[in-house]
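Asker: Provided herewith is a single structure, encoded as structure tokens, for subsequent inquiry.
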Amino acid sequence: MIEIKTKEDCCGCTACFSVCGKNAISMFPDDLGFLYPKVDMQKCINCGLCEKVCAFNAFYSKRDNFETPLVYAVRHKKMKEIETSRSGAMFIALSDWILKNNGVVYGVGYTDHFHVVHKRATTKEERDEFKGSKYVQSDINTVFRQVKADLKNGLKVLFSGTPCQTSGLRTSLLNTNTTNLYLCDIVCHGVPSPYFWRDYLAYIEKKQKDTVIKVDFRNKSKLGWTAHKESFIFSKREREREREKISKLH
């Protein structure tokens, strides 16, 4: 049975939640919005699966680890893809191939008012929402289970996330053929709090007395390629710009 005594013993990857056949584990946010597992003792049968897939246990499997990392430098051939991505647009090249072969892509997008979540895409239009970094821990919800179902149905699957998320997905796929699974993680320096992001959005909307309708965590076109600054588009200002464009045309 999984038991989180200190937060240092969990990264919130949802592997334990996803592998539990009795739905005895739920993910609950702490004061900062980071998700941690909690066990319902009335449902738990002490099968040990959750402990088996947890990366924080001493017997955690390292069978997929490379003795020496394989390092590649990648740059997409199309400048448009690079300009709308955070780095060299490798994810776009990989996901284009997956989609071309009737596969599915999992990446990070938004729901509600810029709540950062993992989503499933079967088209390039849906996949394009995953472009660009979202510097917030994403809510994975039941995505690991969806990936498992896709693999069992013979689909090629590309999953993009932080290293702890890709590792958690891989270990949660017990007794599943992972030949068609492709994992794409990022160089991660730690993820900011979901509630901090939520409160910051509320703060700037109150300050500007307007509603945010678009977010870019690193805007290459406006702020250059090396700047680490967020940019926002607000509802009222966007409408004013549209009216100005129309008036100039007339």
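The values are calculated or read from the model by the stated rules, or taken from the named source; none is laboratory data. On a predicted model such as this, the values are computed, not experimentally measured, just so you know. For neighbour counting, all protein chains shown are included, and Cβ atoms are generated from backbone atoms with ideal geometry for every residue, glycine included.
Asker: Collect the residues in the range 114-149 that are part of a loop (DSSP other than H, G, I, E, B), under 10 Å from the mean Cα position of the chain (by Cα) and not aromatic (Phe, Trp, Tyr), keeping them in residue-number order.
Answerer: Ser133, Lys134, Val136, Gln137, Ser138, Ile140
Asker: Just checking, how many residues over the range 65-82 are part of a loop (DSSP other than H, G, I, E, B) and among the aliphatic types (A, V, I, L, M)?
Answerer: Number of matching residues: 4.
Asker: Identify, from the list Thr171, Thr179, the residue that is without any contact (Cβ under 8 Å) to a residue 24 or more places away in the chain, out of contact with any Lys or Arg (no Cβ under 7 Å at 6 or more places or on another chain) and either assigned to a loop (DSSP other than H, G, I, E, B) or under 25 Å from Phe17 (Cβ atoms) (or both).
Answerer: Being without any contact (Cβ under 8 Å) to a residue 24 or more places away in the chain, out of contact with any Lys or Arg (no Cβ under 7 Å at 6 or more places or on another chain) and either assigned to a loop (DSSP other than H, G, I, E, B) or under 25 Å from Phe17 (Cβ atoms) (or both) holds for just one of Thr171, Thr179, which is Thr179.
Asker: Still on this structure, I have one more. For Ser167, work out the one condition from (1) assigned by TED's automatic domain parsing to the domain that holds Tyr110; (2) modelled with pLDDT of 90 or more; (3) over 24 Å from Leu32 (Cβ atoms) it doesn't fulfil.
Answerer: Here Ser167 meets the rest and fails (3).
Asker: Please go through the range 17-48 and give me each residue that is touching an Asp or Glu at 6+ places or on another chain (Cβ under 8 Å) and either closer than 18 Å to Pro192 by Cα or touching a residue at least 40 places away in the same chain (Cβ under 8 Å) (or both), ordered by number.
Answerer: The answer is Leu35, Tyr36.
Asker: A follow-up question, please. Quick one: which of Ser95, Ser85 is closer than 30 Å to Phe17 by Cβ, small (Gly, Ala, Ser) and surrounded by 15 or more Cβ atoms within 10 Å (Cβ to Cβ)?
Answerer: Just a single option satisfies the conditions, and that option is Ser95.
Asker: Could you say which residue among Ser18, Ser26 is surrounded by 10 or more Cβ atoms within 10 Å (Cβ to Cβ), of a type in the set (Ser, Thr, Tyr), touching a Pro at 6+ places or on another chain (Cβ under 8 Å) and modelled with pLDDT of 95 or more?
Answerer: None of the others qualify; the one that does is Ser26.
Asker: Take the conditions touching a helix residue (DSSP H, G or I) at 6+ places or on another chain (Cβ under 9 Å) and among the aliphatic types (A, V, I, L, M) and apply them to Ile82. Does it pass?
Answerer: yes
Asker: Any residue at all in the range 172-189 that is of a type in the set (Val, Ile, Thr), surrounded by 15 or more Cβ atoms within 10 Å (Cβ to Cβ) and either more than 24 Å from Glu8 (Cβ to Cβ) or in contact with a strand residue (DSSP E or B) (Cβ under 6 Å, 6 or more places away or on another chain) (or both)?
Answerer: The answer is yes, given that some residue of the range 172-189 is of a type in the set (Val, Ile, Thr), surrounded by 15 or more Cβ atoms within 10 Å (Cβ to Cβ) and either more than 24 Å from Glu8 (Cβ to Cβ) or in contact with a strand residue (DSSP E or B) (Cβ under 6 Å, 6 or more places away or on another chain) (or both).
Asker: Further question: Take Gly190 and tell me if it is at positive phi and outside the structural domain of Ser95 (by TED's automatic domain parsing).
Answerer: yes
Asker: Right, here's the next one. Any idea which of Val108, Val53 is among the aliphatic types (A, V, I, L, M) and at pLDDT 95 or above?
Answerer: Val108
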